[in-house]
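Report on one structure; see the data block that follows.
The values are calculated or read from the model by the stated rules, or taken from the named source; none is laboratory data. Since this is a predicted model, take the numbers as computed values, not measurements. Here Cβ is always computed from backbone atoms with ideal geometry, including for glycine, and neighbour counts include all displayed protein chains. Just so you know, the surface numbers come from the protein's heavy atoms only, side chains and all, with ligands and any DNA or RNA stripped out. Shrake-Rupley method; radii C 1.70, N 1.55, O 1.52, S 1.80 Å.
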Amino acid sequence: MISISSESNYFKRLITQHYSFWKNLRLQYVSKPAFNLFKQALPQMSATEKEALEAGSVWWDGELFSGTPDWDSLINIKLSQLTPQEQEFIDGPVEQLCQLIDDWEITQQTKDLPDSVWTFIKENGFLGLIIPEKYGGLEYSALAHSAMVMKLASKSITAAVTVMVPNSLGPGKLIIEYGTQQQKKHYLPRLASGKEIPAFALTSPNAGSDASSMTDYGIVCHEQFNGKQTLGIRLNWEKRYITLGPVCTLLGLAFKLYDPDKLLSNKTEPGITLALIPTNLPGITIGRRHYPLSQTFQNGPNSGRDVFIPIDWIIGGRDYAGKGWRMLMESLADGRSISLPALSTGAGKLASRTTGAYARIRKQFNRPIGSFGGVSEALTRIAGNTYIMEAARNLTISSIDLGEKPSVAGAVVKYHMTEKMRQIVNDAMDIYGGAAICMGPRNIMGRIYQAVPISITVEGANILTRSMIIFGQGAVRCHPYVFKEINSTHEKNKVKGLIHFDKAFSAHVIHVVRSFSHTFSSALTDGFFCKTPEGINAEKNTRKSKERSAKQYQFKTKKYYQKLSRQSAAFALLSDFCMLTLGGKLKQMENLSGRLADILSFLYLNSAVLKQYHHDQAYHDDQHLMQWSCETLLYDTQQAFSGVLANLPNQYLAGFLRFLIFPFGKRYQQPDDQLSHAVAQTLLSESASRDRLTQGIYKSQSNNDPLGRLNNALSKVIAAEKAEIKLNRLVKKQVMALYNSDENRPMNFNEIVNLSNQQGYISDHELKLIYEAQLARNEVIKVDDFDQNLE
């Protein structure tokens with residue numbers, strides 16, 4: 001048997017016992033050279049990058065990376081449902097809070113939530129949503145947190161941000177996860193009751209996304225504290241963009257910890273650490289407020305100069321010194337997976353409900369503007385993207401409630417849902433036109449439009465998230481073998497590392513061969529023989545005719561699972577080839593990484609759509625939304641593949657991969673106009689499908705509220721539609737004299753309607769319907785105006 005040099009006789013025996021002759025041969029002449037090349041090809045990795053990669057858990061995103069996703073496991077995931085207590089909270093205090101809020105007053109006049117609203121928030125437990133009941137909190141699920149943010153966001157971004165931040169990345173979450181018993185016992189009841197207002201300070205002027213450049217620091221030392229010589233930390237920091245910072249009483253602080261005298265351990269630089277800082281300590285300065293795009297949630301800078309805290313104020317105690325970045329990465333999943341997607345979905349649902357209603361109510365050329373092709377196209381994107389967002393929100397939230405920490409999926413939904421919110425809001429602004437650009441209490445979309453870039457920027461800027469995080473982290477964490485191979489290179493014992501690498505590398509080679517075969521065979525058949533969930537094969541097509549109907553779509557979903565399996569296999573193969581041929585260079589090729597991230601993201605979103613539709617399979621009138629979403633995402637995935645292949649440095653390899661992935665060219669097209677029209681119609685009528693799509697937002701019925709005016713006007717316009725069509729035909733055929741000869745002018749609308757009624761062309765009932773619709777329409781299209789001082 002071929003001998004293998006090692007540092008340990010133990011591992012020599014281990015190799016002899018566990019490896020046959022041929023395996024030893026492979027280990028010596030295949031795995032060992034590959035191991036050495038792999039170590040050389042790996043890019044330098046900072047401690048913060050390593051901790052970010054190790055944070056969180058692998059979930060459905062790992063199945064998509066495998067190339068053979070187990071659809072049954074997806075179908076069997078139980079989507080979260082609100083408990084009766086949680087639903088009561090959403091229907092009660094959250095609804096009441098929406099009614100208390102006047103967003104125009106908050107953002108334009110008082111520049112803050114009124115005292116009565118702050119009191120209501122504290123007294124009803126909004127700040128303690130995630131805190132365990134034994135500490136005075138509500139201990140609600142991630143779904144309840146999401147539902148609260150979504151509903152509030154449809155009424156006021158300022159209010160939504162104010163209550164979502166304490167329940168996501170902040171002292172409360174960190175204390176629950178990592179705090180000592182003393183920290184939990186002291187702070188959690190105070191946070192739950194609102195006696196403490198929390199904020200978390202991470203961003204520094206010269207260190208935003210690059211935490212390794214953080215200049216805020218703490219020195220471990222002994223000083224007098226409360227009259228006693230105490231081991232602690234002397235802190236200096238300067239932070240900005242801190243939500244709730246101007247009003248916080250308890251600051252969670254991220255800083256670099258230094259221990260030059262080795263008072264804690266043998267490490268002189270333990271690393272990024274998190275601590276709890278009461279803001280009334282000497283040396284702390286709470287700066288003036290930031291003004292983020294006319295949103296008036298409390299946000300601003302703060303700093304500290306030679307602020308001393310006891311060592312026990314580190315979150316988790318001294319044992320957690322230097323572990324702050326890992327703690328942050330795991331907790332950041334809440335902001336990415338819950339809060340921002342919920343806020344984005346709330347904006348999408350609000351735009352869907354209000355813009356569709358406005359497009360049905362508003363007329364041009366005697367036609368509702370929603371009937372024009374260009375407007376219908378925008379409405380389709382609004383409805384379809386909202387459906388995708390809701391599906392992704394539900395799937396990702398369910399993973400958290402199941403105990404997962406979906407770091408990669410969280411980055412996917414953070415990026416794509418905030419970007420889809422941007423597209424939805426832009427489309428809504430186009431449809432509203434002048435009514436959306438004139439600010440005032442009547443304007444529904446203006447403040448949301450202004451706030452969109454905030455969500456794009458926070459919790460990892462979208463450009464960074466797409467180009468560096470989604471695939472950069474996903475390729476390592478979600479790939480079946482890469483993370484194991486990387487870990488093997490970090491083994492202190494080289495032989496042990498080689499053994500672990502050999503096992504992972506051998507399986508990786510088999511995985512690539514299978515991906516190669518699966519990619520080409522499924523491309524030839526467009527996934528026809530790919531495995532689908534049990535029961536899907538028994539789907540029946542219940543269409544009554546072969547012609548496509550805008551009113552009812554009864555399509556099989558089997559083909560979409562098959563096409564997604566095909567794309568997953570191609571993604572697995574393409575990812576491996578990119579990592580194999582580019583190695584560490586891929587980290588710097590951010591455009592390529594961004595396109596690979598798009599593929600993974602679209603696969604995740606598409607599978608979420610199929611999961612949502614399967615969950616709601618009783619609602620057949622949602623099938624056009626499902627089909628539009630799947631066809632759009634399949635097309636987008638195909639285009640992302642094409643973008644990667646067109647930009648690979650080795651175009652010979654790209655041509656070979658293109659042949660494997662697209663042997664017959666690109667098959668998928670964007671949804672056709674007939675399907676798109678059916679999707680748009682969802683928003684233009686009062687239907688169960690429209691209600692499901694916009695479920696969970698604030699729906700006022702008051703005419704004093706712009707949303708209430710729209711809802712009431714839509715009902716009246718629909719009721720009067722036949723009478724108005726009848727009146728328009730009379731006018732067009734000129735069956736009546738429409739000129740006021742006494743005043744030498746054309747008749748106005750009221751005169752025409754009255755004359756039509758007097759001459760018996762329309763009934764008294766029709767007259768009433770027309771007048772009510774016209775009055776409601778005029779109220780809806782009215783815009784705000786102010787005096788010369790804009791007051």
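Quick look at the numbers
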| quantity | calculated |
| --- | --- |
| Residue 331 hydroxyl-bearing (Ser, Thr, Tyr) and under 30 Å from residue 711 (Cα atoms) | no |
| Every pair of residues 6+ apart whose Cβ atoms lie under 6 Å, when the first sits in the stretch 84-113 and is β-branched (Val, Ile, Thr) while the second is surrounded by fewer than 20 Cβ atoms within 10 Å (Cβ to Cβ) | 107/294 |
| Single residue of the stretch 189-234 satisfying the filter (outside any strand (DSSP E or B) and among the β-branched types (Val, Ile, Thr)) that is least open to solvent (accessible area, probe 1.4 Å) | 197 |
| Candidate set from the stretch 436-481 (those that are closer than 24 Å to residue 568 by Cα and not in a helix (DSSP H, G or I)); member that is farthest from the chain's Cα centre (by Cα) | 481 |
| Failed item in (1) open to solvent by less than 40 Å² (accessible area, probe 1.4 Å); (2) under 30 Å from residue 789 (Cβ atoms), with residue 100 passing the rest | (1) |
| Which numbered condition residue 144 fails, given (1) touching a helix residue (DSSP H, G or I) at 6+ places or on another chain (Cβ under 6 Å); (2) surrounded by fewer than 24 Cβ atoms within 10 Å (Cβ to Cβ) | (2) |
| Residues of the stretch 732-755 classified as open to solvent by less than 40 Å² (accessible area, probe 1.4 Å), touching a residue at least 12 places away in the same chain (Cβ under 8 Å) and outside any helix (DSSP H, G or I), total | 1 |
| Count - residues of the stretch 481-497 that are open to solvent by 40 Å² or more (accessible area, probe 1.4 Å) and touching a Ser or Thr at 6+ places or on another chain (Cβ under 7 Å) | 0 |
| Candidate set from the stretch 756-773 (those that are over 21 Å from residue 714 (Cβ atoms) and assigned to a helix (DSSP H, G or I)); member that is modelled with the highest pLDDT | 764 |
| Selection status of residue 343, open to solvent by less than 30 Å² (accessible area, probe 1.4 Å), aliphatic (A, V, I, L, M) and farther than 30 Å from residue 707 by Cα | no |
| Top-ranked residue of the stretch 399-431 - restricted to ones that are of a type in the set (Ser, Thr, Tyr) and either at pLDDT 95 or above or under 9 Å from the mean Cα position of the chain (by Cα) (or both), ranked as most open to solvent (accessible area, probe 1.4 Å) | 415 |
| Pair list, Cβ under 9 Å, 6 or more apart: the stretch 292-311 residue open to solvent by 30 Å² or more (accessible area, probe 1.4 Å), other residue in a strand (DSSP E or B) and of a type in the set (Lys, Arg) | 301/239; 301/240; 306/234 |
| Residue match in the stretch 756-779 (condition: within 18 Å of residue 362 (Cβ to Cβ), in contact with a strand residue (DSSP E or B) (Cβ under 9 Å, 6 or more places away or on another chain), surrounded by 13 or more Cβ atoms within 10 Å (Cβ to Cβ) and in contact (Cβ under 8 Å) with a residue 40 or more places away in the chain) | yes |
| Among residues of the stretch 682-727, those that are part of a helix (DSSP H, G or I) and more than 26 Å from the chain's Cα centre (by Cα), counted | 21 |
| Residues (polar (S, T, N, Q) and either in contact (Cβ under 8 Å) with a residue 60 or more places away in the chain or touching a strand residue (DSSP E or B) at 6+ places or on another chain (Cβ under 8 Å) (or both)) located in the stretch 701-731 | 703, 711, 712, 728 |
| Residues that are in contact with a Lys or Arg (Cβ under 9 Å, 6 or more places away or on another chain), in a loop (DSSP other than H, G, I, E, B) and either over 20 Å from residue 197 (Cα atoms) or among the basic types (Lys, Arg) (or both), drawn from the stretch 235-264 | 259, 264 |
| Test: residue 525 is more than 17 Å from residue 572 (Cα to Cα) and either touching a Cys at 6+ places or on another chain (Cβ under 7 Å) or free of Cβ contacts under 8 Å to residues at least 60 places away in the same chain (or both) | yes |
| Of all residues making up the stretch 643-658, the number that are under 22 Å from residue 588 (Cβ atoms), surrounded by fewer than 16 Cβ atoms within 10 Å (Cβ to Cβ) and of a type in the set (Gly, Ala, Ser) | 1 |
| Single residue of the stretch 735-755 satisfying the filter (polar (S, T, N, Q) and farther than 25 Å from residue 361 by Cβ) that is modelled with the highest pLDDT | 744 |
| Residue pairs meeting the criteria (Cβ under 9 Å; at least 6 apart or on separate chains; first more than 15 Å from residue 579 (Cβ to Cβ), in the stretch 503-519; second assigned to a helix (DSSP H, G or I) and open to solvent by 50 Å² or more (accessible area, probe 1.4 Å)) | 503/484; 506/23; 506/26; 506/30; 507/484 |
| Residues of the stretch 780-791 satisfying the condition of being open to solvent by less than 100 Å² (accessible area, probe 1.4 Å) and in a loop (DSSP other than H, G, I, E, B) | 782, 783, 784, 786, 787 |
| Residue in the stretch 170-179 that is open to solvent by 10 Å² or more (accessible area, probe 1.4 Å), under 22 Å from residue 405 (Cα atoms), of a type in the set (Ser, Thr, Tyr) and over 18 Å from the mean Cα position of the chain (by Cα) present | yes |
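Condition check ((1) assigned to a helix (DSSP H, G or I); (2) within 30 Å of residue 32 (Cα to Cα); (3) at pLDDT 85 or above) across all residues:
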| position | (1), (2), (3) |
| --- | --- |
| 503 | yes, yes, yes |
| 507 | yes, yes, yes |
| 513 | yes, yes, yes |
| 531 | no, no, yes |
| 534 | no, no, no |
| 561 | yes, no, yes |
| 578 | yes, yes, yes |
